[in-house]
Amino acid sequence: MTILENISLAKYTTLGVGGAARWFVEADGDEEILAAVRFARAQGVGHFLLGGGSNLLVSDEGYSGVVIHMAKSGLAWVDEGDGFACILAGAGTEWDQVVQLAVEKNCSGIECLAGIPGSVGASPVQNIGAYGQEVSHSILNLRALDLETEKVVDISASECGFGYRRSLFNSTQKGRYAITRVVYSLKIGGAPWLEYRDVKQYFAERGGVQPSLAEVAAAVREIRARKGMLYAEDDQDSHSAGSFFKNPVVRADAVAGLAALAGCGAEEVPQYPTGDAARVKLSAAWLIERSGFTKGLAMGRAALSSKHVLAIVNRGGATAGEIVDLRDAVLDGVQARTGIRLEQEPVSLGFAPPS
């Protein structure tokens, strides 16, 4: 294992801000992960598992511990013989490669998750989701290194504690496990998921024909690109950490009050079911816009995307401090206008804990 020192983390994130890691390790397997964690403990510092860096905000001061970059990749497809197939993917594999393999094999379940940046290892942590699908619906199990017992464990989907952008890996057991492999179960020849408004509209405009899985995945990538949510070097709006604000879940009876504030009917307030009749999920973008924030609004070198108010982008040379200032302006503004406190979606690294 090679331990590097004072490595800039900005280049390892899609947002492109932040200082250096005191120590940095490229880990290609369980032994290297464990050795890096033991090194961190010996130094009396923390450690952080880094994947694709697409959901990460690093402080300008950097991180005083050990950053462990999960590098192990690889994909395998297995026909289970009962109308389902499994894809086995190493934690360091680019997520979109999994989607591409699934649609090439005509397997449904993750086609609407096309174009999401980041790595396989991060997919269960945040329970990534988009356009009506969540990855938890397709995860069969995963393999991880338990950093408390220093043993390799297999964890079933039912044990992962999945919820909206939530799992045990970012909540009750945060920091305990280093995910090294994920197994996805997909339906061979299954119909694509077409329940989300943007996807429905895309194909309605093209004659309403039933699309293939590959066509749905391509459509989702195109829709994401229009919103600056598909990373590209030449698209400044994509230099972000994706959606910066989670869609809030509130009591269903709060919708009437929000409608009154917005001067519209309750049915015009974007809302989505949660599985609990007493609670609904609202659109963070709708709340942000109704609170007076517009696409392209800039504070220093940080700005809301010119395509989508959910994303905070680096317009070039932004600092983490500028990103935080804009974030706080949005959080405070939405709360003052609606009474709802939005939550940040990206993981923060190197910041002092909130007082």
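Take Gly175 and decide whether it is within 18 Å of the chain's Cα centre (by Cα), more than 22 Å from Lys187 (Cβ to Cβ) and of a type outside the set (Lys, Arg). Even if it seems obvious, please write down each step before you answer.
On the way: within 18 Å of the chain's Cα centre (by Cα): yes; more than 22 Å from Lys187 (Cβ to Cβ): yes; of a type outside the set (Lys, Arg): yes.
When the stated conditions are applied, Gly175 passes them.
On the given criteria, is Asp234 of a type in the set (Asp, Glu), out of contact with any Leu (no Cβ under 8 Å at 6 or more places or on another chain) and not assigned by TED's automatic domain parsing to the domain that holds His137? When the stated conditions are applied, Asp234 passes them.
Name the strands (runs of 3 or more DSSP E) wholly within the range 31-80 that hold at least 1 residues that are of a type in the set (Asp, Glu)?
Per the criteria, 75-79.
In the range 242-354, which strands (runs of 3 or more DSSP E) lie fully inside it and hold 2 or more residues that are in contact (Cβ under 8 Å) with a residue 60 or more places away in the chain? Please lay out each step first, then the result.
On the way: elements: 249-251, 271-273, 279-282, 302-304, 312-314, 347-349.
So the answer is 249-251, 312-314, 347-349.
Taken over the range 145-165, the criterion of being closer than 17 Å to Glu31 by Cα, acidic (Asp, Glu) and touching a helix residue (DSSP H, G or I) at 6+ places or on another chain (Cβ under 9 Å) is satisfied by Glu150 alone. In the set (1) surrounded by fewer than 19 Cβ atoms within 10 Å (Cβ to Cβ); (2) outside the structural domain of Thr149 (by TED's automatic domain parsing), Thr13 fails one condition alone, (1). Quick check on my filter: what residues within the range 320-355 are surrounded by 18 or more Cβ atoms within 10 Å (Cβ to Cβ), of a type outside the set (A, V, I, L, M, F, W, C) and out of contact with any strand residue (DSSP E or B) (no Cβ under 8 Å at 6 or more places or on another chain)? Selection gives Thr338 alone.
The values are calculated or read from the model by the stated rules, or taken from the named source; none is laboratory data. None of the values given here were measured: they were computed from a predicted structure. Methodologically, a virtual Cβ is constructed for each residue, glycine included, from the backbone with ideal geometry; neighbour enumeration extends over all protein chains shown.
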